[in-house]
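Rule-based calculations on the coordinates, nothing more; no lab input. Keep in mind that what you see is a predicted model, and the values were worked out from it rather than measured. So basically every Cβ, Gly included, is an ideal-geometry build from the backbone, and we count neighbours across all protein chains shown.
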Amino acid sequence: MNIGYLQRFSLIDYPGKISAIIFTQGCNFRCGYCHNPELVNPGLFSEPMAHADVFAFLEKRSDKLDAVVITGGEPTMHKALPAFAATIKDMGYLVKLDTNGTNPEILGEMISSRTIDYIAMDIKAPTEKYDEVVNAPVDKEAVVASMNMIMDSPVDYEFRTTLVQPLLVPEDIIRIGELIRGARQYVLQRFVPSKHVDADFITAKTFSDETIEDLKLRIEPLVERLVIR
Ligand code: SF4
């Protein structure tokens, strides 16, 4: 499993916990608005960090940190992920996984072995628009299987969608809400321009406050908790 970098401290990436963040290299999507091109475009990959260095850091900080977030890139592209997460769990950490949901096999393995405590799954688009939004061919059945598996699991989770125009329109978000009807938590994230896989996204916009407020009213009845970020 190739680790691009390690963020040593975060107060915002694991709900209510102090965490470190491990960023894996490689992704099977090419979302133009992605703000981690150095983890997605192989031409920009840095020399991967040694796992031993990451584990040594986590051993040393176990009295100061509660949790470890594994994000990317797409962490489930790495077959070693479950064993890697299990090692971190054995140190006493909570583990959160950020995923695009394309690998329900690894997800299922980690859920049943309890090597994850929190899952954040991106839902990029309604199924019929997936390939267009992520700029790659997508196995939609795998994405839906992950969604259903997460909803049926005892693990804490959130689904989240980045509100980015012109890729998505408000009706797309309603369709996603219907797809995850009954979900424990759905997060709508405002798109914020920064560096992107597709540099043209620097001029893209998120939805207006009025549109987000309208979406809130329409989606709240579909899920247990709706969060706007
Ligand atoms: S935003 Fe898209 S391209 Fe970037 S890491 Fe996530 S799934 Fe991959």
Residues that are more than 10 Å from the ligand (Cβ to nearest atom) and either among the acidic types (Asp, Glu) or buried (at least 21 other Cβ atoms within 10 Å of the Cβ) (or both), drawn from the range 26-45: Glu38
Note down all Cβ pairs under 9 Å where the first residue falls in the range 165-182 and is on the phi > 0 side of the Ramachandran plot, the second is among the polar types (S, T, N, Q) and crowded, with 17+ Cβ neighbours inside 10 Å, and they're at least six residues apart or on different chains. none
Tell me which of these Leu81 doesn't satisfy, since it passes every other one: (1) under 30 Å from Asp200 (Cβ atoms); (2) in contact with a Pro (Cβ under 6 Å, 6 or more places away or on another chain). (1)
Quick one: which of Ala20, Ala56 is over 24 Å from Lys140 (Cα atoms) and over 19 Å from the mean Cα position of the chain (by Cα)? Ala56
Which residues, taken from the range 103-115, are surrounded by fewer than 23 Cβ atoms within 10 Å (Cβ to Cβ) and in a loop (DSSP other than H, G, I, E, B)? Ser113, Arg114, Thr115
Exactly one of (1) within 16 Å of the ligand (Cβ to nearest atom); (2) within 24 Å of Leu58 (Cα to Cα) is unmet by Ala142. Its number? (2)
Which condition number does Tyr157 fail, the rest of (1) within 16 Å of the ligand (Cβ to nearest atom); (2) surrounded by 15 or more Cβ atoms within 10 Å (Cβ to Cβ); (3) among the hydroxyl-bearing types (Ser, Thr, Tyr) being met? (1)
Here is a check on your reading of the model: is Ala52 more than 15 Å from the ligand (Cβ to nearest atom), closer than 23 Å to Cys27 by Cβ and small (Gly, Ala, Ser)? no
Regarding Ala85, is this residue small (Gly, Ala, Ser), surrounded by 19 or more Cβ atoms within 10 Å (Cβ to Cβ) and in contact with a strand residue (DSSP E or B) (Cβ under 9 Å, 6 or more places away or on another chain)? yes
